[in-house]
DNA sequence: AAACATCCTGACCGAATGGTCAACAGCTGC
DNA sequence: GCAGCTGTTGACCATTCGGTCAGGATGTTT
């Protein structure tokens, strides 16, 4: 006969909660905890035990909701890709380069700031050779980059900016903004700050905008 | 009585090799394999079994040389820090900003290119909250950054460059160059290349130098 | 050739891993 | 009030983890 422990003192579900509410709350809690753990330790290094503890649930419950470690991870990646795809969705040659570039830098910076764990999760996936995202990188994201690169080139032809390689420019903006999420620990350690305030972020955004726009010969609107 | 397997077909050591040679060769092999695996999967996600297989040795042998997983990891980090510290070792206010910034960008780019695994290992450590490097970040590296920031500020005072925040400038250069090691998978996926050639790297270096120097108002020597 | 140090490695260990399952509890619709 | 989903969870499993160790193999020294 199996020896059972004493029954649990309390269920995780709040007393008056409906089923749907419980699911929603627990899933949210699990996804948040998992994003932290996967971002910090990568796919292999993350453990369901750790995720479960941070979500305040038993490990079995995490598997009940998410099915498997792999499924949970993929779901997090997809959520992050959606956020990314919403960025700078429509630009055209008719737009003002200064406005578009500043909007790009600003919204990318906000993505890093609003979802630092997601940004780091993405970074960890790439560092590990992007086993789950390779298709996306050479597919959807590639098209995204190429389309915007085209617009940059046309701006250059019209003399609105220097004829720099547009793909390297996109990578430059990407890396500079991504850095503040991925390397937050380093930035804080070196600056001696405890956290980056809204004012800090605004200052960094202004710095990046100024240097990058000037660096590729884009004149701010009012200067034309 | 313990049941022994058939004796090994061949020892790892080559037949005529002296002891010292063996140690050197095996340690080199282990460090290279470990750098790859730690970079890809982070500290927790890396397994000694995996490292041992990639080094072509039994797991016990890895532990014989390196003592422990932790020790191996720390040794790799220290090796990478040495490489980093050798960068841009001495600059002064009297130097030419254009020369120094270009040298900084170029040497940092080469570090990413020559030691991509080491760069990624470093990135993974930071992503994980820098449990082994926190002290270094808020100590030695902080001083390194502050010292160079001082010089940048003095250049700005002398009108040799725009009065931009020097720390954000260092981070910009850092992130832009680091990106090509850490996100190599992404860069290759998006550009559709199989690998970055020397010519590609030269082109990127020139692009970054041009944009960043122009962006913070540094005139190349010949233009003064 | 004997004595000694270094090198090598399979067997083994306790702990932790992702995942399954059966038993139970609570809300929901009839 | 009762049947049937939905939610909950401890026990359990095979595998892998980092690490230890004994004992054999090889190289070096005398």
> Being exposed (fewer than 15 other Cβ atoms within 10 Å of the Cβ), more than 16 Å from DNA strand C (Cβ to nearest atom) and away from every other protein chain (no Cβ under 14 Å), is that true of even one residue in region B:127-137?
Replying inline: no
>> Filter region A:157-196 down to the residues that are out of contact with any helix residue (DSSP H, G or I) (no Cβ under 8 Å at 6 or more places or on another chain) and assigned to a helix (DSSP H, G or I) and list them by number.
In response: A:157, A:188
>> I'd like the full set of residues that are assigned to a helix (DSSP H, G or I) and without any contact (Cβ under 8 Å) to a residue 60 or more places away in the chain, limited to region B:77-102.
In response: B:77, B:78, B:79, B:80, B:81, B:82, B:83, B:84, B:85, B:100
> For residue B:190, all conditions in the list (1) closer than 27 Å to residue A:188 by Cα; (2) crowded, with 16+ Cβ neighbours inside 10 Å; (3) at the interface with chain A (Cβ under 10 Å from one of its Cβ atoms) hold save one; what is the number of the exception?
Replying inline: (1)
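Every residue, every condition in (1) within 7 Å of chain A (Cβ to nearest Cβ); (2) touching a residue at least 40 places away in the same chain (Cβ under 8 Å), yes or no:
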| residue | (1), (2) |
| --- | --- |
| B:167 | yes, no |
| B:173 | no, yes |
| B:181 | no, yes |
| B:186 | yes, no |
| B:194 | no, no |
| B:197 | no, no |
| B:205 | no, yes |
>> Quick test of your reading of the structure: residue B:104 fulfils all but one of (1) more than 16 Å from DNA strand C (Cβ to nearest atom); (2) within 14 Å of chain A (Cβ to nearest Cβ); (3) surrounded by 14 or more Cβ atoms within 10 Å (Cβ to Cβ). Name the failing condition by number.
In response: (2)
>> Among (1) in the same structural domain as residue B:26 (by TED's automatic domain parsing); (2) under 23 Å from the mean Cα position of the chain (by Cα); (3) exposed (fewer than 14 other Cβ atoms within 10 Å of the Cβ), there is one condition residue B:82 misses while meeting the rest; what is its number?
In response: (1)
> When the residues of region B:67-76 are filtered to those that are assigned to a helix (DSSP H, G or I) and surrounded by fewer than 18 Cβ atoms within 10 Å (Cβ to Cβ), which remaining residue is farthest from DNA strand C (Cβ to nearest atom)?
Replying inline: B:74
> If you go through region B:209-221 one residue at a time, how many are more than 14 Å from residue B:160 (Cα to Cα) and more than 7 Å from every other protein chain (Cβ to nearest Cβ)?
Replying inline: 2
> Among the residues of region B:103-119, is there at least one that is in the same structural domain as residue B:170 (by TED's automatic domain parsing) and not in a helix (DSSP H, G or I)?
Replying inline: yes
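The values are calculated or read from the model by the stated rules, or taken from the named source; none is laboratory data. Since the structure is predicted, the reported quantities are computational estimates derived from the model, not experimental observations. All Cβ positions, even for glycine, are placed from backbone atoms using ideal geometry, and neighbour counts span all protein chains on display.
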